[in-house]
Structure formats: C-alpha cells, structure tokens
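Single-structure report; data block below.
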Ligand code: ADP
Ligand code: MG
C-alpha cells in the first residue's frame, strides 16, 4: 500500500493572472517515495504550479489535497508545517544571516520549543548542512558564497524541516556539472529514504535520469505525463520543448 500512497493530489488546478492563464486545468497525483519531474519551456507555468501547490498564489479553479486533506484555502505556513517544503527558482535566503542561521529557519518548530526539541532542531540543521556539502561554511554569510552554494543553503533549509514532500524549482540552475551531480545524488539519496519530490529542471537528460515520472507542460497545460523516456519521446513534447 505504501508504494502507491497518494501524497499530493491536485485536481483541475488553474491560476490565471488577469488574462494570462499561467496554469490552466492541471491535474496531478504524487505518490509516496518517488521523484516527479516537470519539464516545459519558459513561461509554460511550472513555477506558478509550484506556487499554487504551496499556496503562494490563489487558485482560480480546482482543488488541492495533501495526505488526503483538502488544503486549497490554508495559509502557506500551514501547509509548510504539515510537511511541504520548497526551494525557489530565485534564491530566497537572508543575506545578513549566516549559513547556519538560514538553514535553521527550516528546522525551527512552531510555538514554544523545549530544550530537547531545540537540540533535535540543531541536529537537523547540522545534518542538512553536511548533506548539502556546506560543512565548514556554517559561519559564512550567503553573499560570501558562490551562487551554487547559495542554492545549497536553500536546499539545506528545505530538508532541515524533514518534510514529507519536497518541491524544487530549478535547484541546480547556475551550477556546474559536478555540483549538479552532487545535488541529483542527494535527491536520489532522499528518495531512498522515502522522501517524495517534485523537481523542475530544464536539462532533459538529467530529468530522465533523476526522475521516476515526468510531467510536461506547455501554455499552462499538461501535455504529457508518465514514464520519463516515453514523455520525452512524446510528439507534443518534442515539438513544444525540444523544438523538433
Ligand atoms: P515557468 O516557470 O514555466 O517559466 P511561470 O509559471 O513563471 O513559467 O510563468 C507562467 C506564465 O505566467 C508566464 O506567462 C508568466 O509571465 C506569467 N506569470 C507568472 N507569475 C505571474 C504574476 N505574478 N503575475 C502575472 N503573470 C505572471
Ligand atoms: Mg519557472
């Protein structure tokens, strides 16, 4: 049963900005412990879909369910507290705070944490820092780090919350080959531990290798979904995304 457990279900989700149908009737189901990928040309609605799933934009239409509970009207921090973590296409970290403090923002639990919980939170921060290759950089400020390392801080902050679902919007943008391999290796490890993920990236080959299941978007709509190799070969995807 665990293998087919539905973690997130989005049904007929639409997000319109005035006349712009950024997302228009997308239905997806994310099952536990798998890496799902979203491919699509610039402007096809990938980031807006993630914004909808994390309640950062209101839905024009449709419904959202996480672990069987509707959440289409809850606040972003509520769905985050239930176990949905994300990273942003444009890094959102606090420039004036250290790497450690930025990552700790992900590990902080709401309300009055006792001593034992604070100690567990610090351990989650240290683990996240090690796993993202940030060990030794805890006391640095993000603006002293390369862009690739700033991205790692965001990923570390997201995994420090020990989420049930991790949504990543182009986490390896601006990284070199080795850094990208490090990140996809980490995502694979996290999947091995049962973490469900939704990954947006442009590199088709990398997505085929990293993902268990791909969705392809164009003009706000899903144009294909399924086994990665099949999705990439799909004529509509070839035309829309690969320009062939
Ligand atoms: P992608 O991530 O696939 O590149 P986006 O989701 O960022 O695409 O954008 C999809 C479409 O929605 C684009 O036409 C974009 O200009 C538009 N869009 C995105 N966010 C907003 C916004 N806040 N207000 C108005 N239009 C937006
Ligand atoms: Mg985007």
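The values are calculated or read from the model by the stated rules, or taken from the named source; none is laboratory data. Model, not experiment: these values are computed from the prediction. All Cβ positions, even for glycine, are placed from backbone atoms using ideal geometry, and neighbour counts span all protein chains on display.
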Reported set for segment 52-73 where residues are within 16 Å of ligand 2 (Cβ to nearest atom) and closer than 26 Å to residue 192 by Cα is 53, 54
Of all the strands (runs of 3 or more DSSP E) wholly in segment 21-90, which have at least 3 residues that are buried (at least 16 other Cβ atoms within 10 Å of the Cβ) and more than 15 Å from ligand 1 (Cβ to nearest atom)? 61-66
Can you confirm whether segment 211-230 contains a residue that is at pLDDT below 95 and surrounded by 14 or more Cβ atoms within 10 Å (Cβ to Cβ)? no
Matching residues in segment 165-189 - criterion: being within 25 Å of residue 5 (Cβ to Cβ) and in contact with a strand residue (DSSP E or B) (Cβ under 7 Å, 6 or more places away or on another chain): 165, 166, 167, 168, 169, 171, 187
Can you name the residue in segment 195-204 that is more than 16 Å from ligand 1 (Cβ to nearest atom) and touching a helix residue (DSSP H, G or I) at 6+ places or on another chain (Cβ under 9 Å) and is also farthest from residue 8 (Cα to Cα) among such residues? 195
